[in-house]
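Peer 1: First the structure, then my questions, so here it is.
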Amino acid sequence: MRLLVITPHFLPDTAPTGTIITELTQQWCEQGHEVHVITSLPWYEEHKVAADWKKGFIDRELHDSLRITRLHPFPFNKSSFFLRALGFLLFSLFASAVSIFSRGPFDAVFCLSPPITFGVVGKIASKRHRCPLVLNIQDIFPDVAIETGILKSQLLIRLSKRLEVNSYKSSSVVTVLSEGMKENINRKLIEQKKMPALEVIPNFAYTNFFSLEEDESYKKENQLEGKNIVMYAGNLGHSQPLEIMVNAAKTHFDKEDLIYVVNGSGVKAEYVKEEAEKLNNLIFVDFQPLERLPNVLSSADIHLVMLKSGLGNLSVPSKIYNIFASGKPVVASVDSDTEIARVVLDAEAGFVVDPHDPSAFFKAIELLADNYSLRKEMGISAKRWAEKWHTSENISKNYTDLITEIITK
């Protein structure tokens with residue numbers, strides 16, 4: 001099978017979706033498929049093209065059955081929604097042009113979203129190469145932008161919603177990460193004449209998180225030996241209520257053995273850095289490379305997963321699977337009717353608290369911090385649950401089975 005994959009990020013770019021699609025692509029190649037990836041030059045971590053990659057507007061690589069075409073991402077000022085949208089639009093136009101001239105034939109186009117404009121890119125590519133489009137939704141836009149207050153213009157909201165629905169209608173199949181996301185899209189398509197197939201295929205746990213050797217280097221580097229570590233690792237963006245974590249650190253300021261550690265990058269990184277300078281029990285550590293992430297996650301005693309109310313059925317933070325695989329308990333500040341809440345409770349691997357109840361959030365952390373045996377018990381439950389969860393091998397096969405079914409219809 002020959003696949004054309006269109007994605008905004010791909011390793012060595014550090015965006016979470018980039019690591020997911022890179023792992024899937026590698027699995028497809030190992031399964032004997034040929035893959036051509038159209039993506040961006042690495043830019044996510046510093047919001048500018050990485051210094052080692054300033055080779056012009058396009059870069060091409062060939063690795064056996066994997067061909068990668070990297071394009072300039074036009075990374076404008078990340079604090080301006082308009083400029084970020086303009087950057088994604090220019091990048092989408094560039095990716096569309098490259099997809100048109102990519103050498104086929106392809107059996108299917110596999111396109112990742114967000115950005116929302118990639119639905120159009122995927123449609124153009126599938127029309128050009130006369131093959132099905134699989135649109136993979138990692139976060140539902142524009143809903144996330146609306147809920148977080150990033151997108152306020154009624155005109156842009158209407159245009160974005162129209163673009164969203166048209167992207168779904170143009171696809172042969174739309175894949176999402178949870179039943180909640182599927183219900184969201186179903187509601188939007190219920191009055192449409194043309195309905196794509198809708199399939200739930202979740203993300204996966206990385207197998208290298210399951211068998212970790214003891215490694216104290218991360219703790220030593222950051223003077224964390226002998227501490228109970230409460231960690232948030234991941235994107236520092238508009239979707240995460242980081243204030244509740246900062247307030248937890250302030251509340252627990254007098255607990256000498258308890259320290260909050262933040263690993264990550266994003267538009268709210270400066271806010272966390274500024275707060276960390278004021279608090280002795282809150283430290284900020286820059287984004288760590290993927291190969292080191294298993295040891296970083298395993299260094300924590302308690303992990304935090306936070307989503308603003310209303311976002312839990314629009315996005316699924318896939319890091320939860322890797323946290324579980326590393327054998328650590330979680331305090332999740334999320335809506336109770338979401339996939340994350342279901343997973344944490346099903347695994348008996350932590351506590352779920354209402355995003356509007358900071359007091360419950362603080363108390364859940366205290367309960368785990370003060371009770372080693374409970375932490376250990378929940379960590380074992382988390383790992384046991386993760387061992388039964390999907391790995392990249394079977395998730396990648398789920399996608400190719402789905403594509404084969406579409407092709408043979």
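Readers should treat all values here as calculations from the given coordinates under stated rules, not as data from a laboratory. Keep in mind it's a predicted model, so treat the numbers as computed, not measured. Backbone-built Cβ (ideal geometry, glycine too); neighbour counts: all protein chains shown.
Peer 1: Points 7 angstrom from Cα along the Cβ direction at E277 and D257: gap in nanometres?
Peer 2: It is 3.2 nm.
Peer 1: Another question about this same structure. Along each of the three principal axes of the Cα atoms of the range 207-387, give the extent in whole Å, ordering the values from largest to smallest.
Peer 2: Computed over the Cα atoms, the extents are 37, 37, 31 Å.
Peer 1: Moving to a separate point now. Residues with amide H under 5 Å of M231's amide H, sequence separation 5 or more or different chain, H placed in the peptide plane at 1.01 Å from N; which?
Peer 2: HN-HN under 5 Å from M231: V261, D301, I302, H303, L304.
Peer 1: Still on this model: Using Cβ contacts closer than 10 Å as the measure, can you line up I137, I58, I403 from fewest to most?
Peer 2: In increasing order of surrounding Cβ atoms, one gets I58, I403, I137.
Peer 1: Along Cα→Cβ, 7 Å out, is where each label goes; now give me the distance between the ones at E183 and K409 in nm to one decimal.
Peer 2: 2.5 nm
Peer 1: Okay, next question. Counting only helical runs of four or more DSSP H residues, what would the 222 nm mean residue ellipticity of the chain come to if each run contributes -39,500 (n - 2.57) and the total is spread over all its residues?
Peer 2: -13000 deg cm²/dmol
Peer 1: Residue farthest toward the positive end of the dipole of the range 207-387, with Cβ of Lys/Arg at +1 and Asp/Glu at -1: which of G234, H303, N313?
Peer 2: Of the candidates, N313 comes out farthest on the positive side.
Peer 1: Suppose every Lys and Arg Cβ carries +1 and every Asp and Glu Cβ carries -1, with no other charges. What dipole size does the range 280-409 come out with about its Cα centre, to the nearest 20 debye?
Peer 2: Working: 13 positive and 17 negative charges, 52 e Å.
That gives the range 280-409 a dipole magnitude of about 260 debye.
Peer 1: At what distance in angstrom do the alpha carbon centres of the range 355-399 and the range 139-182 lie from each other?
Peer 2: 29 Å
Peer 1: Counting other C-beta atoms within 10 Å, and keeping those with at most 12, which DSSP coil chymotrypsin sites (Phe, Trp or Tyr not before Pro) do you find in the range 1-109?
Peer 2: Passing both the DSSP loop test and the Cβ count: F57.
Peer 1: Here's a follow-up. Using +1 on the beta carbon of Lys and Arg, -1 on that of Asp and Glu, and nothing else charged, what's the dipole of the range 207-387 about the Cα centre, debye to 20?
Peer 2: The dipole magnitude comes to about 140 debye.
Peer 1: Let me ask something else about it. Output ³J(HN,Hα) for the range 269-276: one whole-Hz value per residue in order, computed from phi by the Karplus curve 6.51 cos²θ - 1.76 cosθ + 1.60 with θ = phi - 60°, and x for Gly and Pro.
Peer 2: Result, rounded to whole Hz: 4, 4, 4, 5, 4, 4, 5, 5.
Peer 1: Around L151, which amide H atoms from residues at least 5 apart in sequence, or from another chain, sit under 5 Å from its own amide H, with H modelled in the peptide plane?
Peer 2: Here I146 satisfy the definition.
Peer 1: So what are the ³J(HN,Hα) numbers for the range 189-198, from phi and the Karplus equation (6.51, -1.76, 1.60; θ = phi - 60°), rounded to whole Hz, Gly and Pro as x?
Peer 2: Along the range 189-198, the couplings run 9, 4, 9, 7, 6, 9, 10, x, 5, 10 Hz.
Peer 1: Only one of the values (1) 87, 50, 35; (2) 89, 59, 35; (3) 63, 47, 42 was calculated from this structure for Cα extents along the principal axes in Å; name its label.
Peer 2: This structure yields the entry labelled (3).
Peer 1: While we're here: Hey, got a sec? Which GluC sites (Glu not before Pro) in the range 222-260 land in a DSSP loop and have at most 12 other Cβ atoms within 10 Å?
Peer 2: Numbers: sites: E225, E243, E256; in loops: E225, E256.
The qualifying sites are E225, E256.
Peer 1: Okay, next question. Given R₀ = 22 Å, what would the calculated FRET efficiency be for K161 paired with F82, taking r from the Cβ atoms and rounding to 0.05?
Peer 2: 0.80
Peer 1: Another question, then. Give me the percent of DSSP beta bridges within the chain that run antiparallel, rounded to the nearest 5.
Peer 2: Around 10 percent antiparallel, to the nearest 5.
Peer 1: For I6, what residues show an amide H to amide H distance below 5 Å, using hydrogens built from the backbone and excluding near sequence neighbours?
Peer 2: Correct list: I38, F110, C111, L112.
Peer 1: Does a label point 7 Å from the Cα of L90, set along Cα-to-beta-carbon, have any residues of the range 115-152 with amide nitrogen under 19 Å, and which are they?
Peer 2: Of the residues in the range 115-152, 115-118, 121 have backbone N under 19 Å from the label point off L90.
Peer 1: Here's something else I'd like to know. Treating only the Cβ of Lys, Arg, Asp and Glu as charged (+1, +1, -1, -1), what charge dipole size does the chain show about its Cα centre? Round to the nearest 20 debye.
Peer 2: With Lys and Arg at +1 and Asp and Glu at -1, about 2060 debye.
Peer 1: Please order Y271, Y321 by the number of other Cβ within 10 Å, starting at the fewest.
Peer 2: So the residues, fewest neighbours to most, are Y271, Y321.
Peer 1: Loop-only trypsin sites (Lys or Arg not before Pro) in the range 26-83, please: DSSP not H, G, I, E or B, and at most 15 other Cβ atoms within 10 Å. Present the calculation step by step, with values, prior to reporting the outcome.
Peer 2: Details: sites: K48, K54, K55, R60, R67, R70, K78; in loops: K48, K54, K55, K78.
The qualifying sites are K48, K54, K55, K78.
Peer 1: Next question, about the same structure. What nm distance separates the two modelled labels at K152 and M1, each placed 7 Å from Cα along Cα→Cβ?
Peer 2: Here the modelled spin labels are 4.5 nm apart.
Peer 1: Based only on other Cβ atoms within 10 Å, what is the fewest-to-most ordering of D354, D301?
Peer 2: D354, D301
Peer 1: Placing +1 on the Cβ of each Lys and Arg and -1 on the Cβ of each Asp and Glu in the chain, which of S265, V109, I146 has its Cα farthest towards the positive end of the resulting dipole?
Peer 2: V109
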